[in-house]
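**Q** Just dropping this structure here.
Just so it is clear, none of the values below were taken in a lab; they were calculated from the coordinates. Remember, predicted model here, so these are calculated numbers, not experimental data. Cβ atoms come from the backbone with ideal geometry, glycine included; neighbour counts cover every protein chain shown.
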Amino acid sequence: MEALVAGNSILAELKEGFNKLLPCQIARLLEEIKVADRIFCVAAGRSGILLNAFCMRLNQLGLESYIAGNVPCPPVGKGDVIIAASGSGSTPSVNAILKRGKEAGARIILLTAAPVENLAGIVDLAIDIQAPNGLVNKESPESRQLMRTLYEQTCFILYESIVAVLSKDIPPEEIASRHTNLE
């Protein structure tokens, strides 16, 4: 019973945070994805695991998508979009890739729970994820969950929402035809 109470508390917190996403930012994110020649995804840790799942789904929708640094990964360039997830906005490995991608002409989108002053001039679109976390901001209220879990969950629900929108006009059989058969 205690786990069910905790689960309902988590769901309430997630819904509250998800409802704080700015529709104008999400509309721009969708448009960037739709017009991108290719999509590159980059994140570290748990954020990276969830972004990997999103990248897989984008490929299943027929969008050419890559995990930055994985094999295969072509060079990024003009017309491409890099989608990054960094709760702190200051993950060194992620920021280095964003700077390199910007130099190559890619558009940069960052999902973060922190201000992005350190990436001014690099990030074209910052998606503000309202996920309280004392690790990022000592003044913020604490999440009911460990560390940056709320941020990660909000990102994942946003990814799935984007997939739902992008897939609505694609026959399920077509999407399934791009699913791996080597599992």
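**Q** State the extension gain, in nm to one decimal, for the chain segment bounded by residue 103 and residue 168, taking 0.36 nm per residue of separation less the distance between their alpha-carbons.
**A** Working: separation 65, 0.36 × 65 = 23.40 nm, distance 3.45 nm.
The span from residue 103 to residue 168 would gain 20.0 nm if fully extended.
**Q** Be a star and scan the range 79-105 for residues whose amide nitrogen sits under 18 Å from the point 7 Å along the Cα-to-Cβ vector of residue 52.
**A** Counting only backbone N, you get 83-87, 93-94.
**Q** What are the residues whose amide H is under 5 Å from the amide H of residue 66, where those residues sit 5 or more places off or on another chain and H is modelled from the backbone?
**A** Here the answer is 39, 40, 41, since their amide H atoms fall under 5 Å of that of residue 66.
**Q** For the range 2-177, with the dipole built from +1 on Lys and Arg beta-carbon atoms and -1 on Asp and Glu ones, taken about the Cα centre, which of 71, 122, 112 lies farthest toward the positive end?
**A** Of the options given, the answer is 122.
**Q** If Rh is defined by the Kirkwood formula over all Cα pairs and Rg also comes from Cα, what ratio Rg/Rh do you get for the chain?
**A** Value, to two decimals: 0.97.
**Q** Given 20/168; 15/102; 78/168; 34/99, which pairs have Cα atoms separated by over 31 Å?
**A** Details: 20/168 24 Å; 15/102 33 Å; 78/168 28 Å; 34/99 23 Å.
Beyond 31 Å between Cα atoms: 15/102.
**Q** In Å, what is the Rg of the alpha-carbon atoms in the range 22-74, and how long is Dmax?
**A** My reading of the Cα-based Rg and Dmax gives 11.6, 34 Å.
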